[in-house]
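Just so it is clear, none of the values below were taken in a lab; they were calculated from the coordinates. Quantities reported herein were computed from a predicted structural model and do not represent experimental measurements. Cβ placement follows ideal geometry from the backbone for every residue including glycine, while neighbour counts extend to all protein chains displayed.
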Amino acid sequence: MLNKLMLRVIIYIILGIVSLAIYVKYLEQRNLFFPFREINYTPQEIGLSYEDIYFATQDNKKINGWFIPSKNAKYAILFFHGNAGNISHRLDKIKIFHDLGLNIFIIDYRGYGNSEGKPSETGFYLDARASYGYLIDKLKIKPSSIILYGESLGGAVAFELATQVDVLAIITEETFSSVRDVAKDIYPFLPSFFVGDKFNSVSRIGKLTIPKLIVHSKDDEMIPFKHAQKLYESAKDPKMLVAISGSHNSAFLDSGKDYKNHIREFIEGLK
């Protein structure tokens with residue numbers, strides 16, 4: 001009788017652990033990706049000409065992006081946005097980069113905007129690789145003039161791409177060190193093995209020898225500043241950590257000219 005009772009308890013415990021693991025995976029997927037399909041605005045809304053571009057990934061997904069040229073630009077920004085919205089919600093930042101005299105190639109990941117497919121970590125990396133290929137092969141931009149830029153989750157995409165291809169430099173903003181570290185912030189009681197080791201930027205940044213600028217708000221209510229510190233400490237020189245102020249989604253606006261000046265100084269220091 002006792003053995004049957006113990007067996008039943010063990011089965012319940014196992015079922016409970018499995019159920020918790022499935023629920024955590026569900027929450028992880030739901031919290032990682034917030035795609036918006038409708039394109040609400042275009043660069044024309046802010047007086048900028050642009051080229052609406054479609055290109056194919058290695059797994060044959062059609063990805064959409066915009067190329068916004070700047071006259072006599074020396075560098076091109078390959079722009080990877082965060083986990084919510086789409087490219088039409090990044091006009092303020094596009095304007096800042098354009099005012100800095102940069103060409104901009106911004107893409108929507110699979111499942112976002114007009115891009116085909118379903119969001120996934122592996123898929124995002126394929127999208128990034130294909131966008132780099134288009135920039136090199138079709139737009140004839142040299143690797144030595146490409147600066148990767150990633151905001152929030154887009155920073156993780158930029159870090160992964162930087163380990164695979166040649167670029168001049170990388171800039172990230174409000175980027176987390178890893179999904180597992182984010183989970184620890186939200187659910188400190190949860191064993192780490194329940195959370196997948198996804199978008200692990202801290203494991204990649206140490207491989208990079210290119211110049212790195214990590215921009216992060218000390219007021220970020222979603223991704224604490226300690227994530228930026230962890231990335232910075234894991235990075236090799238040359239590297240720079242810049243603290244700005246404001247919320248996760250609007251710090252670049254809340255910080256005003258300081259934000260733009262930090263980007264400008266970093267870019268002017270590139271060789």
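Please order 110, 264 by the number of other Cβ within 10 Å, starting at the fewest.
In order of increasing Cβ crowding within 10 Å: 264, 110.
Going from the residue with the fewest nearby Cβ atoms within 10 Å to the one with the most, 203, 88, 49, 131 rank 49, 203, 88, 131.
If you average over every viewing direction, what projected area does the convex hull of the Cα atoms of segment 33-268 give, in nm²? Present the calculation step by step, with values, prior to reporting the outcome.
Numbers: hull surface 47.7 nm².
Mean orientational projected area (segment 33-268, Cα hull): 11.9 nm².
When we measure straight from the Cα of residue 93, which aspartates and glutamates land under 12 angstrom away, once same-chain ones fewer than 8 places off are left out? List returned: 151, 173.
Could you tally the net charge around residue 257, taking each other residue with its Cβ under 13 Å from the Cβ of residue 257, Lys/Arg +1 and Asp/Glu -1?
Combined, the nearby Lys, Arg, Asp and Glu give -2.
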